[in-house]
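Below is one structure, written out as structure tokens, with a few remarks after it.
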């Protein structure tokens, strides 16, 4: 069996990653800021607009962890069969416009899901200068064909979204070149750009990064339930359920329950592409 079970608990890092205002603005553009109206989100897309102090979209916290390269090896798996399954993060304070963090990551579990294996990881990012904890993130990857090894099934998943009509529904979309733009923020996986690689993974053409759809969702929820204030978005977690193709329409649905917001995102055909979502916000 290719999965290396001894990797559970193994920590990688620390690795230092830095960013500046250009990185923050490029990420905002990559998750659709300014697409509908180029002057609507100048706070996230420009650094010199009158009355607009540049701020960083909260979901960029996860991108910093991905850019750190602290990926624990899980065995000689076929990475064309690996997909991002779940993602969550907790922000302990808003991201500054520029800075450096030290990131550590460890594998926390390997679970047998029958048709594949689910591998979970936890990461921590601390300010490189002060050592202050900035971000905690949990992630899961599903590897098709690696199940059936007799391991535990894993903990129960998050609860589904409420059955009642959503309190908020936002129609949005993606560009045909969305993946090519988003990859400039650091995720150069050819599954999202190389047709030949995508075909080896079982897709007709390159798919959109799950984290791009996640970032688009988080951006819309920031405006809809946090008043556009990054300091109010404290945490966000969700499951990736279906691939999105660049150019597909999206619909973000949300149910507000006080400081907790449940959400999902529908793709082409109205099927969930992100589901079981929970966002927590400050008052």
Can you pull out every residue in the stretch 194-203 that is part of a loop (DSSP other than H, G, I, E, B) and modelled with pLDDT of 95 or more? 194
Scan the stretch 239-248 and give yes if some residue there is in contact with a strand residue (DSSP E or B) (Cβ under 9 Å, 6 or more places away or on another chain), assigned to a strand (DSSP E or B) and either crowded, with 18+ Cβ neighbours inside 10 Å or modelled with pLDDT of 95 or more (or both), otherwise no. yes
Looking at (1) at pLDDT 95 or above; (2) touching a helix residue (DSSP H, G or I) at 6+ places or on another chain (Cβ under 6 Å), which one does residue 107 not meet, given that it meets all the others? (1)
I'd like to know if the stretch 153-170 contains one or more residues that are in contact with a helix residue (DSSP H, G or I) (Cβ under 7 Å, 6 or more places away or on another chain) and in contact (Cβ under 8 Å) with a residue 60 or more places away in the chain. yes
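The values are calculated or read from the model by the stated rules, or taken from the named source; none is laboratory data. All figures in this text were calculated on a predicted structure; none of them were measured in a lab. Using ideal geometry, Cβ is built from the backbone for each residue, glycine included, and neighbour counts are taken over all protein chains shown.
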